[in-house]
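**Student:** Got a structure for you, written out below as structure tokens; questions coming shortly.
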Amino acid sequence: MKYFIQIYGCQMNYSDAERVAAILEKSGSEKTSKESEADLVVFVACAVRESAVARLYGNGKKFKRYRLDNPNFKAILTGCVVKKDQEKLGKIFDVIIDIKHINELPAKLGLEAKETEKEFDYFQIKPEHESPFTAYVPIMTGCNNFCSYCIVPYTRGREYSRPTQEVLNEITELVRQGYKEIILLGQNVNSYRPDEATDFPALLERINGIEGDFWIRFLTSHPKDMSEKLIKTVSESPKGTNHIHLALQSGNNDILKKMNRKYTKEHFLMLAETIRENIPDVMLTTDIIVGFPGETEEQFQETAELMRMAKFDIAYINKYSPRAGTASFEMLDDVSWEEKKRREDTLNAVLRETALENNQRYIGRTVEVLIEREDKKNYFGKTKSFKDIKIKKNETDKSTVGAFAKVKVTKVTPWALEGVIMDDD
Ligand code: SF4
């Protein structure tokens, strides 16, 4: 059997896909990079937006064609999908399986005897990592926050934190294999709490204690749970990278309340300032929704103003779109698409300015970089603070993809740095 995996969504889905691949490999299937050649097409999908469900449903005709050509063909759906949508999608997918029960997939396909039915055992599957130097490690899944626009608590269920020792064992093994960048994942890593005695800062401290030369990143953080203790732990952590993703969503307190975010803009600004004071050269990134139901021009301007003050490096700006099954679906979506687009463009212009201003500080400085790929003339990588960097090759350097290098920054744009390799001595 040949399998092909199609991934939509966030890093959590990419991480889940690595476990799906491991399960299929274990049952004797072989990966193909061509969907049309596959006997098994697995969608690890994000149905967080209504439009994503329509896009998934749009595969129906193609699957029919594949079934005619190949009687063994099966389409499988997993990832972030709500029960209600599963009924409709069940018409085009042969198997829809909760990611938490992915262990049962081979049995459902008649490939191998059922292994186990225990929920969350999928965390114990040893993933087939896509990269030989960067690895996603989920530390928790699910969400208890119920932001009014978000379907995730309904697709992923309530929060579950992996036992600390299980996480530490996985990372120790990755570092032993030579992995250089460990990205801890969770819908809200700040609420990691597998037991009374352990919280996220405690986990970070223990990961820092693992011997080896590697970086630790984590995604994503909810402002209401971002503690001073965590900021201090990151600032003191030798392997911690200076990148914090803190989702703002709106800079107006009434909209934040309607979004059920449980913090104020004043609290967010205090956090942004504390982070900048304590973590030198921090890269601060965020998510913002424009055109939430009832958002007035003045309320929108408060978001723009907060963005100028927080000086983000990257902001993922989304135009609000209602999602059936969420609380905000019942609110009147009264900001036109054109107006949402205008607000998005306005915020992107603010971002361009703050990102460039932040990057200009790097000119002339030497930074540590993890090289991720190369072409004939350049290497491409990430700095410790998660900035993209292009590095001119020279004839004498001995750098390699997947290794750290010291790079002097020579040029910047709002979205990336450029530089040259420095000799070790
Ligand atoms: S914190 Fe809010 S936006 Fe994030 S996953 Fe949970 S409900 Fe969704």
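The values are calculated or read from the model by the stated rules, or taken from the named source; none is laboratory data. Computed from a predicted structure; not experimentally measured. Here the Cβ positions follow ideal geometry from the backbone for every residue, glycine too, while neighbour counts run over all protein chains shown.
**Student:** Under 8 Å between Cβ atoms, at least 6 apart or on separate chains: pull out the pairs that start in the range 139-167 with a residue that is within 8 Å of the ligand (Cβ to nearest atom) and end on any residue that is part of a helix (DSSP H, G or I) and among the hydrophobic types (A, V, I, L, M, F, W, C).
**Tutor:** Cys143/Val152; Phe146/Ala327; Tyr149/Ala327
**Student:** Another question, if that's okay. From Phe329, Phe312, Phe300, grab the single residue that is of a type in the set (Phe, Trp, Tyr), buried (at least 22 other Cβ atoms within 10 Å of the Cβ) and out of contact with any Leu (no Cβ under 6 Å at 6 or more places or on another chain).
**Tutor:** Numbers: Phe329 fails: buried (at least 22 other Cβ atoms within 10 Å of the Cβ); Phe312 fails: out of contact with any Leu (no Cβ under 6 Å at 6 or more places or on another chain).
Checking each option against the conditions leaves just Phe300.
**Student:** Going by the conditions given, is Thr134 under 18 Å from the mean Cα position of the chain (by Cα), modelled with pLDDT of 90 or more and under 27 Å from Arg206 (Cα atoms)?
**Tutor:** Criteria met by Thr134.
**Student:** Still on this structure, please answer the following. Based on this model, can you work out whether Glu18 counts as surrounded by 17 or more Cβ atoms within 10 Å (Cβ to Cβ) and part of a helix (DSSP H, G or I)? Before you say what the answer is, go through the steps one by one.
**Tutor:** Values: surrounded by 17 or more Cβ atoms within 10 Å (Cβ to Cβ): yes; part of a helix (DSSP H, G or I): yes.
Here the answer is yes, as Glu18 does meet what is asked.
**Student:** Looking for whichever is away from the ligand (no atom under 15 Å from the Cβ) and either within 20 Å of His222 (Cα to Cα) or without any contact (Cβ under 8 Å) to a residue 12 or more places away in the chain (or both) here; the options are Ala197, Ala135. Which one fits?
**Tutor:** Ala197
**Student:** Also, I was wondering about something else. For residues that are within 17 Å of the chain's Cα centre (by Cα), β-branched (Val, Ile, Thr) and not in a helix (DSSP H, G or I), tally how many sit in the range 185-217.
**Tutor:** So the first thing to find is which residues in the range 185-217 are within 17 Å of the chain's Cα centre (by Cα), and the list is 185-192, 215-217.
If we keep only those that are β-branched (Val, Ile, Thr) too, we end up with 189, 216.
Next, from what is left, pick out any that are not in a helix (DSSP H, G or I): 216.
Counting residues in the range 185-217 that are within 17 Å of the chain's Cα centre (by Cα), β-branched (Val, Ile, Thr) and not in a helix (DSSP H, G or I) gives 1.
**Student:** Please work out which one of (1) modelled with pLDDT under 95; (2) more than 15 Å from the ligand (Cβ to nearest atom); (3) of a type outside the set (Asp, Glu) is the condition Gln187 fails and give its number.
**Tutor:** Against the list (1) modelled with pLDDT under 95; (2) more than 15 Å from the ligand (Cβ to nearest atom); (3) of a type outside the set (Asp, Glu), Gln187 comes up short only on (2).
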